[in-house]
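Here is the structure we will look at, set down as structure tokens.
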């Protein structure tokens, strides 16, 4: 190589590198939208299809790039507990899951992982729920969740009954955790929403059931794992939950709730179901433990009606 | 076509059947089309026969095709369709490859032993149960060996690879469900495998010609088959290579004779013989000498007698067999639980040959080989083990694959209403009562809401509506109390029909009173 050309190139490169240090905003200006993130505590949408409602909700929170940065790894945790079809509303709507993954990837996420520690056989539940296909088609990765060797012990310092529990390794290996529960009736905890959905990222559920289930649910929520909670209230299982007996148990609500505050998300969804958060023991306990707030009147809520 | 080509054809078909059957038992994909199972297993003699006795139909005449082919050609079944036969061939083949090729010798037929096993098998359904068939049927033995020894090994390898990849954050190989092994079943399968291995290494197809009841039955037919393998004395040079190559040890070079009842039609001798001294010929063509008239007449009478007796005895399988079940399981459980579609314990116990195909395909591994749960006579027949897991509501794979109709074909809507057992609740074991905290794991898992929750103090307590219960065992599996469960399934001796919970349909579209309720 000619010496002169070499020196020229080197100098040129030096100038570019130096100027990028001087004016970082020029290069990262596209991201500056982040600083405009909305200050809504909770967004509620009704009257649309799951994916449309999510588009609107996340937009009003400043877009997915508010939560997911370039090259980050994301964990999306829907409820896939049961080997049933989406119409039975026992699992999170696959369309919603797919749209969330698309938003994450558009925001620059490196990988988007999806798993649940299912109750029914996991391969069948992944398949029949329609979530496996939705995840693959939208570019996410479906990960197993039913094997103890995938779980690591973790201490819950502020837990009252639950002091330690085994959590899925992906919860630690990812940068962003998006909790995507479905609003459902539940036989013993009355409702299962965002906090109860976290029972799908731990291994030994039997321990919770033996040791004051409601307290354990609230204890675990003190870890504040999810960055965002997206509650699917499109189809709602009104009775015979959490699995449901027949399609007669399902009503269409066409609603969606998003909040960073897991207790607030649960409280708002409870209202949509037609109950009061005060009557749902684990929400009441979590509110008392200051995991979040069930008092919706103190929150800045964005209500979007698509009808 | 030359006679020496027959060996190649035999090898092709034997590997085809072996690999397909092996795949069915070893795969843990759980998404194989049931039709493949029916097709591959169609010709398996004992499963097909038991199935036919159960449901006589033109669709299950695989065994008749086998009988006919034997009448015509001899025991071609034993060297093509039978996977246990091919397994022995593979053992013999690899030992010949690994060490110096062993010259086979002529062995006398072990008559007493051979016919003892045979008659024991024939008589056992009359006096005891299908047990002896379970222990001796070659297809079921093959199934037991693969399901109890090789599938766990494969799953272990698969899961090891998948954990290894997990550490690299690669989740492309999913771990598969594994709920441990049933020791008695594994021990028995190991015993079977090593018996077969040793016999194959030392004495070729001795197992098939002494122990196997199907081999003996087909051998009896081969004695009168249309075509037979024989020595053509005019071309035979007396070199003895045919005898050395014979896996069944049934060629006697000194007498230039072939015991066709023990010949498994491997056709090795055709390939070995350089002088066309071994022929495939019609049995009843006119021949000048040998056998005096008297002898052949006596032999014919003996053979027909033996044959009709055996057919008649197999026919008696048709009758319902009463199985005495001695329960050794804890006192609160009256009956073990048999899989949905098996109609009753009696039907299941008298038709299951314990091939373990259902155990192998069960995606939740709730189906496990029994030990003494069905009593001694039901040894190794699969049962529902709700400690291991529970029966998936939407699944009926076991019924799809059962080759003997011990588990009858059933459609999924029907399966969801078959009550294989009834739920029992021990209130004083329940966490809600003993600890005064919420639980409800049983009701949570119940797919029919036979277990539902009623208010109890400030909590919810399980309550039963037994009519809805199908006995899937989800409640028992989920119940976290130890060492005794608070809720469990007691088997139904005769399966019953559950009632589906019917409720008024909810209003499909929810009408909001206000725009948002907050």
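Residue-by-condition table, conditions (1) more than 25 Å from residue A:61 (Cα to Cα); (2) touching a helix residue (DSSP H, G or I) at 6+ places or on another chain (Cβ under 7 Å); (3) crowded, with 24+ Cβ neighbours inside 10 Å:
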| residue | (1), (2), (3) |
| --- | --- |
| A:250 | yes, yes, no |
| A:256 | no, yes, yes |
| A:304 | no, yes, no |
| A:307 | no, no, no |
| Restricting attention to segment A:227-263, which residues are within 10 Å of chain B (Cβ to nearest Cβ) and part of a helix (DSSP H, G or I)? | A:247, A:248, A:249
| Residues (assigned to a helix (DSSP H, G or I), within 9 Å of chain B (Cβ to nearest Cβ) and crowded, with 22+ Cβ neighbours inside 10 Å) located in segment A:186-215 | A:208, A:209, A:213, A:214
| said: Restricting to segment B:365-386, name every residue that is farther than 17 Å from residue B:186 by Cβ and either in contact with a strand residue (DSSP E or B) (Cβ under 8 Å, 6 or more places away or on another chain) or surrounded by fewer than 24 Cβ atoms within 10 Å (Cβ to Cβ) (or both). | reply: B:366, B:374, B:375, B:376, B:377, B:384, B:386
| For segment B:47-81, how many residues meet the condition of being part of a loop (DSSP other than H, G, I, E, B) and within 17 Å of residue B:6 (Cβ to Cβ)? | 4
| Out of curiosity, is residue B:238 on the phi > 0 side of the Ramachandran plot, more than 14 Å from every other protein chain (Cβ to nearest Cβ) and either touching a residue at least 40 places away in the same chain (Cβ under 8 Å) or touching a strand residue (DSSP E or B) at 6+ places or on another chain (Cβ under 8 Å) (or both)? | no
| For segment B:416-469, which fully contained strands (runs of 3 or more DSSP E) count at least 2 residues that are more than 10 Å from chain A (Cβ to nearest Cβ), under 21 Å from residue A:280 (Cβ atoms) and without any contact (Cβ under 8 Å) to a residue 40 or more places away in the chain? | B:451-456
| message | Condition first: facing chain B (nearest Cβ under 9 Å) and either over 15 Å from residue A:215 (Cβ atoms) or part of a loop (DSSP other than H, G, I, E, B) (or both). Now tell me which residues in segment A:274-298 satisfy that. | response | A:274, A:296, A:297
| message | For segment B:387-406: of the residues being in contact with a strand residue (DSSP E or B) (Cβ under 8 Å, 6 or more places away or on another chain) and in a loop (DSSP other than H, G, I, E, B), which is surrounded by the fewest Cβ atoms within 10 Å (Cβ to Cβ)? | response | B:388
| request: Could you list, in sequence order, all residues of segment B:89-113 that are within 27 Å of residue B:281 (Cα to Cα) and in contact with a helix residue (DSSP H, G or I) (Cβ under 9 Å, 6 or more places away or on another chain)? | output: B:89, B:103, B:104, B:105, B:106, B:107, B:109, B:110
| note | The number of residues in segment B:359-377 that are within 14 Å of residue B:141 (Cα to Cα) and assigned to a helix (DSSP H, G or I) is 2
| query | within 9 Å of chain A (Cβ to nearest Cβ) and either surrounded by fewer than 21 Cβ atoms within 10 Å (Cβ to Cβ) or part of a strand (DSSP E or B) (or both): does that describe residue B:507? | reply | yes
| Based on what the data block shows, is residue B:425 surrounded by 21 or more Cβ atoms within 10 Å (Cβ to Cβ) and over 18 Å from residue B:140 (Cα atoms)? | no
| request: Looking at (1) more than 21 Å from residue B:177 (Cα to Cα); (2) within 14 Å of another protein chain (Cβ to nearest Cβ), find the lone condition where residue B:350 falls short. | output: (2)
| Inter-residue pairs, beta-carbon under 7 Å, first at positive phi and modelled with pLDDT under 95 and in segment B:372-384, second in a strand (DSSP E or B) and surrounded by 24 or more Cβ atoms within 10 Å (Cβ to Cβ), 6+ apart | B:380/B:369
| task | Among the numbered conditions (1) surrounded by 24 or more Cβ atoms within 10 Å (Cβ to Cβ); (2) under 18 Å from residue B:143 (Cβ atoms), tell me where residue B:340 comes up short. | result | (2)
| In the list B:115, B:42, which residue meets the criterion of being without any contact (Cβ under 8 Å) to a residue 60 or more places away in the chain and farther than 20 Å from residue B:192 by Cβ? | B:42
| query | For segment B:260-279, how many residues are part of a loop (DSSP other than H, G, I, E, B), crowded, with 22+ Cβ neighbours inside 10 Å and out of contact with any strand residue (DSSP E or B) (no Cβ under 7 Å at 6 or more places or on another chain)? | reply | 7
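The values are calculated or read from the model by the stated rules, or taken from the named source; none is laboratory data. It should be emphasised that the depicted structure is a prediction, and the values quoted were computed from it without experimental measurement. Ideal geometry is used to build each Cβ from the backbone, glycine not excepted, and the neighbour counts take in all protein chains shown.
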